Amino acid sequence: MRVLTIALLSSLRHQPGNLPRCSALAFPSSPLGHHKPRWFQSSSPSLHSSAATDIDQAAGEATAAEESSSQDFVLVRRNRQSMAFRNGSPLVFSGAIESTFSVGSTAASGPEMGSLVVVSVSPKKDSGGDNKKDRRRGGRGGRGGRGGRGGRGGGRGGDSAHIDIPHQIISDDDSDDLQMIKQAQDIGVGVYNPSSMYRVRILCHASSHGALLKKVKQALQSNGTDKKASEREAMTLVLQTKLHDSIQARLALNLPSDSTDSYRLVNGEGDGLSGLAVDVLGGKVAVVMSSAAWVEIHKESILKTLDTVLKEHPLYSKQDGLEVVWRNTPSRLKQDGYEISDDDELESDNNECVIVTESRVQYHTYPYGSSQKTGFYCDQRDNRLDVAKLCDGKRVLDLCCYNGGFALNAMVHGGASSCIGVDSSQDAIDGAIANAELNGLDESRIQFVRDDIAQYMKDANEDAKQYDVIVLDPPKLAPSVSGLERASRKYHALNRDAMKIMDKNEGGLLLTCTCSGAMTQKDGGNFFLQTVQNAALSAGRQVTLLRKSGAAPCHTQSPASYPAGNYLTAALFYVSPESK
């Protein structure tokens, strides 16, 4: 297995220039349609049955005596706030924790960063205390967005990472603390981080994976005092199950298919692996995005298990799986208390191209280089196609076009009369032009312009240019809740100016987007819609909301932690003609 590790600097926005030519990749040899793959047929072995066999084998190896094992426990307070964890929420904040315990260990400072811990609810009812305010904040879950796209943002945990949590070492089998742990209600097994506001990220939850939890706990005791070996065994069990589950969910979505070979395979908390994302590009490359300390610490287990699972995938097995590229974002990891070494921060100068296909539209991507995030944004797939179907004979303006996705779809699927894409990055414009050529589009009907979108709209208004369909998809303007007020002013101005250049006699369609989780989640999503409404008043136009959507379904979400993973809003409005 070839693995390329790339540290992705947070300031990077687009692919490097001078993009090399590349040839299209063949799809997997198996015909892909809407038929049910063999994986779902009861007469054929499934990956889930393989996972179950592996779990049973691993659990069967857990023969060491419990008293010789070393294990860490986290006890959360029994109160209303901890009910969210008992019901499946994967993030445990510091304020919700009563104490930590180590059995068979002399670690006086508590569990180490990345350690697997058993999370349980204290048998004692919480009576409050001096830190009640911190506990309330810490037990509520967080807010996040997509760090660029497709990832969890800064979140909201206050100073919960700095709350001192009592830690006790248990060496006496008859101690009251040990008896209390045995009486506690297990929530699950997660990874511990003393430096993060997410003190524990639960990876295996009792409410959804009860049988797996039992076997993971057995694995944690399977190697006696060799704690690292036990954790590797337990982590492998978790990864096998979660990765198999994520593959099955995508196959249920007909991903990959004969029209789309690129999609999100693992989406962090949505697939029960908070801090880990994996995108499949071109049916050739699996790009891992690491944004949590535990992902870096358990990198070896993740790579090994991912490689094994992809080789078993019914549509990739004939090509011996996929090549894996490992990416991380040092700024996000630093927020999680993990520092990347200088060697890891070296950027790759490999500009090898991979052609990806989405809804039968082809794109150049550069997963081995320093392109944004995992190299391609899969989250707008359905929105691109849905809007394209409304563009027949229309004049389309694609603002913040990046690689031209909305404009290309409007031409290929919508039959637009003309399309103009605007972006401030020359690299993005060069890539969009190359993608238009790749799809054989008439350059007289589709153009890409490098410009600041605010300036472009101002000039277009002065020149009396008008459009029938406008797409506004800016980068994240509100990285956190603290930036909402400033971001709302920017969204207001951009939407106002977009409406001013909408066809004044017939009106038109505006698809306006925010990828800021803080904006999407505020007031249940109404804050962003109200911002657009206020922009319409400023522009002297009326708007009607036709549809509000989010990320493509391969960007899964966990109902237990919703709306924390809900970052993208794409709102389609009809903009009325100008009043006369």
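The values are calculated or read from the model by the stated rules, or taken from the named source; none is laboratory data. Quantities reported herein were computed from a predicted structural model and do not represent experimental measurements. Neighbour counts are summed over all protein chains in view; Cβ atoms, including those assigned to glycine, are modelled from backbone coordinates with ideal geometry. Remember, those area values only see protein heavy atoms, side chains included, never the ligands or the DNA or RNA. Shrake-Rupley method; radii C 1.70, N 1.55, O 1.52, S 1.80 Å.
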Label-point separation (nm) for residue 455 and residue 317, each offset 7 Å from Cα along Cα-to-Cβ?
5.6
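Taking square-rooted eigenvalues a ≥ b ≥ c of the alpha carbon gyration tensor, is the range 413-475 rounded, prolate or oblate, where a/c under 1.5 means rounded and, failing that, a/b exceeding b/c means prolate? Could you put the intermediate results ahead of the total?
Values: a/c = 1.95, a/b = 1.27, b/c = 1.54.
Cα axes put the range 413-475 in the oblate bin.
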At 0.36 nm per residue, and after removing the present C-alpha to C-alpha distance, how many nm does the segment from residue 182 to residue 546 gain when stretched out fully?
125.6 nm
May I ask which of 465/580; 227/304; 394/500; 476/522; 500/580; 125/334 have a Cα-Cα span longer than 26 Å here?
125/334
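Got the relative contact order for the range 383-534 handy, in percent, Cα pairs under 8 Å and 6 or more residues apart? Spell out each step's value before the answer.
Values: 277 pairs, mean separation 32.3, N = 152.
It comes to 21 percent, rounded to a whole number.
Tell me the volume per residue, in Å³, of the convex hull enclosing the alpha carbons of the range 253-302. Intermediate results must be reported in sequence, preceding the final value.
Details: hull volume 3.8 nm³, N = 50.
Value for the range 253-302: 75 Å³ per residue.
Could you calculate the contour length gain from residue 229 to residue 443, that is, 0.36 nm times the residue separation minus the distance between their Cα atoms, to one decimal place in nm?
Details: separation 214, 0.36 × 214 = 77.04 nm, distance 5.88 nm.
This chain segment gains 71.2 nm when fully extended.
What share of Cα pairs, in percent, lie more than 28 angstrom apart in the range 301-455? Mind showing how you got there, number by number?
On the way: 4114 of 11935 pairs.
Tail fraction, whole percent: 34.
How much length, in nm to one decimal, is gained on full extension between residue 426 and residue 490, taken as 0.36 nm per residue of separation minus their Cα-Cα distance?
On the way: separation 64, 0.36 × 64 = 23.04 nm, distance 2.25 nm.
Taking residue 426 through residue 490 to full extension adds about 20.8 nm, to one decimal.
Given that compact globular proteins tend to follow 2.2 N^0.38 Å, what is the ratio of the alpha-carbon Rg of the range 447-489 to that value? Can you show the working numbers first?
On the way: Rg = 13.6 Å, N = 43, 2.2 N^0.38 = 9.2 Å.
Ratio of Rg to 2.2 N^0.38 Å for the range 447-489: 1.48.
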For a bin width of 5 Å, list the pair-distance distribution of the range 165-295 built from all Cα-Cα distances, rounded to whole %.
2, 9, 15, 18, 19, 14, 9, 6, 3, 2, 2, 1, 0
Under a 1.4 Å probe, counting only protein heavy atoms, residue 242 has an accessible area in Å², nearest 10, of 20
Send over the semi-axes of the range 385-512's equivalent ellipsoid, whole angstrom and largest first, taken as the square roots of 5 times the C-alpha gyration tensor eigenvalues.
23, 18, 13
